[in-house]
Every structure is written in structure tokens, then in C-alpha cells.
1. Expressed in nm to one decimal, what extension gain is obtained for the pair A:VAL286 and A:ASP320 from 0.36 nm per residue of sequence separation less their Cα-Cα distance?
2. Helix A:79-101: angle to the longest alpha-carbon principal axis of chain A, degrees 0 to 90, nearest 10?
3. Pick out, in residue order, every one of the GluC sites (Glu not before Pro) in segment B:1-88 that is DSSP loop and has at most 12 other C-beta atoms within 10 Å; say none if there are none.
4. Please report, as a whole percent, how much of the solvent-accessible surface of segment B:90-152 comes from carbon and sulfur atoms (probe radius 1.4 Å).
5. B:ASN54's amide H: which non-local residues (gap 5+, or another chain) put their own amide H closer than 5 Å, with H modeled 1.01 Å from N in plane and none for Pro or chain starts?
6. Please give, to one decimal in nm, the separation of the simple spin-label points placed at B:HIS207 and B:GLU144, each 7 Å out from Cα toward the Cβ.
7. Mind ranking B:LEU116, A:LEU216 by accessible surface for me, highest first, 1.4 Å probe?
8. Calculate, for A:VAL9 and A:LEU168, the FRET efficiency according to 1/(1 + (r/R0)^6) with r their C-beta to C-beta distance and R0 22 Å; round to the nearest 0.05.
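The values are calculated or read from the model by the stated rules, or taken from the named source; none is laboratory data. These figures come from a predicted structure and were not determined experimentally. Please note: Cβ atoms are built from the backbone with ideal geometry, for glycine as well, and neighbour counts cover all protein chains shown. The accessibility values were calculated without ligands, DNA or RNA, using every heavy atom of the protein model including side chains. Shrake-Rupley method; radii C 1.70, N 1.55, O 1.52, S 1.80 Å.
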Amino acid sequence: MTRRIPALVVCVAAVIALVVPLFLPDLSFYIQMILAAVIVTGLSLFMGYAGQASLGHGAFVAVGALTVAVMTVRLGLPPLLALICAPILAAVFAYIVGLPLLRLRGHYLAFGTLALLLIVQAVIATVPFFGGGLGIFGVPPLGVGDAVISGQLPYVYLSLAVLALALLISRNVIRSRFGRGVRALAGSESAAASSGVPVLRTKLAVFALSAAFAGLAGGIMAFFTPYVSSESFPVATSIAYIIMAVIGGLGSLWGGVIGAVLVSLLVQVLNAVSNQPGLPATTGPVLQYGAYALVLILALLFIPKGIVPTIAQAMRRRRDRRADAAAPTDVAVEPWASVQG
Amino acid sequence: MLTVTSLSRAFGGVYATKDVSVTVPEGELRGVIGPNGAGKSTLFNLIGGHLRANAGSIEFGGARVDRLPVHRRARLGIAIVFQGARLFPEMSVLENVMVGANAATRAGAVAAALRLPSQRNEERGIRQRAFAALGRVGLAAWAERDAEALPLGQQRRLQVARALMGEPRLLLLDEPASGLRAAEREDLSELITELHREGMTIMLIEHDVSMVMRLADKITVLDLGEVIAEGTPAEIRRNQRVIDAYLGGEAAHADAE
Ligand SMILES: Nc1ncnc2c1ncn2[C@@H]1O[C@H](COP(=O)(O)OP(=O)(O)OP(=O)(O)O)[C@@H](O)[C@H]1O
Ligand SMILES: [Mg+2]
């Protein structure tokens, strides 16, 4: 649901997000965290609001990244054009694969999307034009004509701008006729349909929108890295997106951002721990997977709705209780047909 | 307005609806009664498009609709209040009702993302109408609550308000009074009467036979998936087949009133 977060909190968070990168020596982690927030915001639209599942959202990140790599390196097209095409191609791709995929439900849909990611990985790995076994190196820096971005910082601010845009679009969409249709699907498809919501078409549109976010994030990643291969989009990362979405709170606008930040920070801390001298090389992955599992289980046990909705609900309960104290329910319920409509 | 011709639907070889033909003229309030499992809900689900017929046709407003998906029929003006409460639990009461307007409005995802002026106008209109609809069913004070938290009686009201938002020409009410207290039933009857007076075509499934007898212009009686009688309340009360199959004591009781 669209739960309003106080504007002050948002402003403070925005200032922190803008200032912090000025003091970090290396921004790779930071930019990955922001782009994860963009991806998870889209995923949360699809999973949280529409009540669907996608275990393979990395597929759309891959399409966006590949769009940029292929258009710039293979075809020599302008970088900006490539970046603009990244979300569009990702959305078109989602729409096309969604036509058969979104007829599936629940576990079948989850496995279907996972299979999609595996297929995309395999295609990238086997088709030389898409990188093959080597990958595509040397993506040029983003720029317009001769004005070219150098250094990491501009990419960070670009990513933050994209995140702001993603949040704005999500908010507008959720609070609209279309968005209500989307959220209705999660409650009851039959009731949504008889309220005039075209079920498949609506799912396809949200799927494509969330893929566009992922594709745009992937495109920026390709410029930043600047390298794309079949190994750039591991299944574990797609699982991590889901964990972020669940922990932050499916079906809440800010849940994706909160989840992405918390899980990214956790992974970063674990990386620091596992890089201590004297530990075996496998410590990192083991810690990371262990932490994913633990965090997910704890979250499902104690805050099944995720952080943001849990807090919002507590605040709402308090408000409702106050309202009840002021006006007993017997008075609140009027007879039917009391107002002539 | 509605012409159902030789409609049949079977579940695993057993007919839930068998060769049913019903014609409901514009503005009529048609009662549909029959024992449990008679196929009443199945008939509504076929008309609304939630089930596909094995045979037969459905004409609405002069055009065949039996091949159309549910949302297209909703846009043509067929609204349904389901037997069980099918709400959108994650949404507020107001938002639940606003969803109902989707059948009668058009702004899409792109207009919403860009917040085009036309879209914002439409939003305002939807919001106003939703408040009016909630007022009409007596739920205005609950607008901001979670739909999940509503007691059963209020959930029914909510479904009715949601259905009205689609500006239906045919309203299908599947046991809207079950589980309601006597006073709530009275309110519901009043609302139905009022909608009927305004010219809405209504089909009403109800086990409370005296309520149907009071409200309906004509009644269709189903048993084992087939129409066994059709006529005015007075005719139905006297129909021997209906009394044998279903009414029995209830008809006598209604007569005594
Ligand atoms: N989806 C379904 N799958 C299998 N059988 C079904 C299905 N829906 C209905 N039936 C069967 O069809 C028959 C008619 O059911 P229906 O729900 O239409 O009856 P009804 O007249 O609405 O009964 P009630 O008064 O109890 O609501 C019943 O025997 C029921 O078991
Ligand atoms: Mg029924």
C-alpha cells in the first residue's frame, strides 16, 4: 500500500545518499547498492503489488546491460542512445516472454522466471555476438558527443537520479486507476476482472515496467563496470533481490530501497570479515549464503510483512485505536442508503 | 437486456447448469431461487464470464457476450457481487471501492506515470464517486480502514459499493443478505428497491424466499441445474412443481404473512 513516509525522513535520507559518496574511496559497492534498490523497487511492484513471483529478475538486468554493451562495442552506436534503449528493450523482452510465462501461477511462475534467467545466461555464454565465453570488454564511458563522464562519482549521481525517477513513477502508478487494478490482482483475480481489470494485460504491463527498471540499472552497470559477460548475472544475485524485497516489505514503495540498503550493507560487512588474512577462500560465499538464509528465515518469522509495512501498520493501528476511542463503532456504521448517490 | 439460451455447463460429467434459458427485460428485478447446489451461482458465473459454457449462448444488450473475457463484460455493464466475500485485503475500504470504477474509466499506466491532467481529473471523479457509493451503503466512516478488518456484514456492503462503481446495467447479486442481521437485511432490501426504481436491471439469488417474493418482479426457480418454473411471485407460490421440489413449508410460511 502507499503508506506515506514523512517528507522530512525522505529529505534527510536523500541528503545522506548524496553526501556519503563524497567520502568513500571506492564507489563500486555504493553504486551497486543504489542500482539494486532500483531493481528491487521494480521487483516489488511486480511481486508485492501484483502478487506475482520472479526468481529471475537478473534476466532483465542482463538484457539492459547487454543492450548497452552490444550497441556501443559491437555496433559503435552512441552510448546515450544505448542507455535509452536498455530499459525499452528490457520491457519489450519482458512483454514477449511474459505472454506465455504470466499464464503460470505461484511456484510455476517462480520456476519459469528462474529458467528464463538460466536461458539468458546460456545464450550470452554461447553466442559470440553477445560475448560468448569471454564477455564484452571495453564498454565506452557514458557521454554525449565529446562530453564524456570520467570517474565514478557521476555514475553514482546518475544512479541516484534513476532511483528517484523509479520511485516517483512507482508512486504515481500505484496511486492510479491502473495501480489499483494491479494491487487488486493480488487480492482476487476474479473480483479484479469483474471490476474491469484485464488480468493478463495488467500483469504484462507491470512485468514490463519492472523489467524496464531492471534494464536501466543493468545499462548503467555496463557503463560503470565496463564489462558484460554471462557471469555478470548470477542466480544468487536474483535471489538476493527477492530477499531485499521481502525484508524491506513487498507492496510498499520504500521497502525495496530499505531492503537493498540493509542487505547490501550486511553483505559488505561479511565480505570485510571473510577477507581477513588466514581464512580459507570459501569463507566469503559460505558466509554470504548463510547470511541470506538466516536473514530470510528471521524476517519471515518475525516481520513476515517486511520492515516498512510492519512499521506503517503499527502507526495505522495506533491511529485507528484513537479514532475508535473517539467514536464507538456502533455510531460509525450508518444504515445503508443513507446518502442518495 | 439479457437473453440466456440453452446454457449448459458440466463439472466432471455432472451438469451444474443444464439447458437453461432465461430472458430478463431491461429494468426488471429477477429473483433466482433453488435448493443448495441447484446451479444458481454457476448461472451467474457463466453470465459474468468466470466460467465458460459447454453449450448455449448469452446475449446482453443485443450482442453475444459468451466469448468475451470477464473484464470486457464488466465494461459492457455486467457487475457481480459474489456469494463469498472477494475483497482486496491489502487495500483500504475506499481503494477497494475505487477499483470498481475501472470498468467505467480508462486512464492507463503511462498516463498515470506521467500524471497527465486528464488522468488526474478522472482520479478526482473516481474518488468522489467512491465516497458517494460508500455513503450509499453506509460505510463512509470506514473509508480509510483496511478492508481486511471489516466484519462480514460490512464486507457485503463493500462489495455492493464496488459493483455500483462500474455503473452497471445488469447487477448480479449472489446471496447478498446471507450472514446479515435483520436490520442489515432491511437496509439491503431498501437499497435494492431503490436501485430497481432507478431503472437498473437486477438479478437476485437469495435463500430468504420471503425477501425475494417481496422484491422481485419475476422469479426463476432452478433445481438440479434446470429451470423448473418461472413467473411472478404469486405464480411461483402456487406452482405445484416448485412446492414439491423446494418451497414446501417456506411457501406456506410466506403465504401466512
Ligand atoms: N468449480 C466447480 N467445480 C466443480 N463443481 C462445481 C464447481 N462449481 C459448482 N460446482 C457444482 O455445481 C453444482 C451447482 O453449484 P452452484 O454453486 O451453482 O449451486 P448454487 O445453486 O449456487 O448453490 P448454493 O445455494 O449452495 O450457493 C454443485 O453440485 C456444485 O458442487
Ligand atoms: Mg451459490
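1. This chain segment gains 7.7 nm when fully extended.
2. Compared with the principal axis, the helix lies near 60 degrees.
3. Qualifying residues, ordered by number: B:GLU26.
4. 55 percent
5. So B:ASN54 has HN proximity to B:SER8, B:ARG9, B:ALA10.
6. It works out to 3.8 nm between the two label points.
7. Ranking B:LEU116, A:LEU216 by accessible area, largest first, yields B:LEU116, A:LEU216.
8. 0.85
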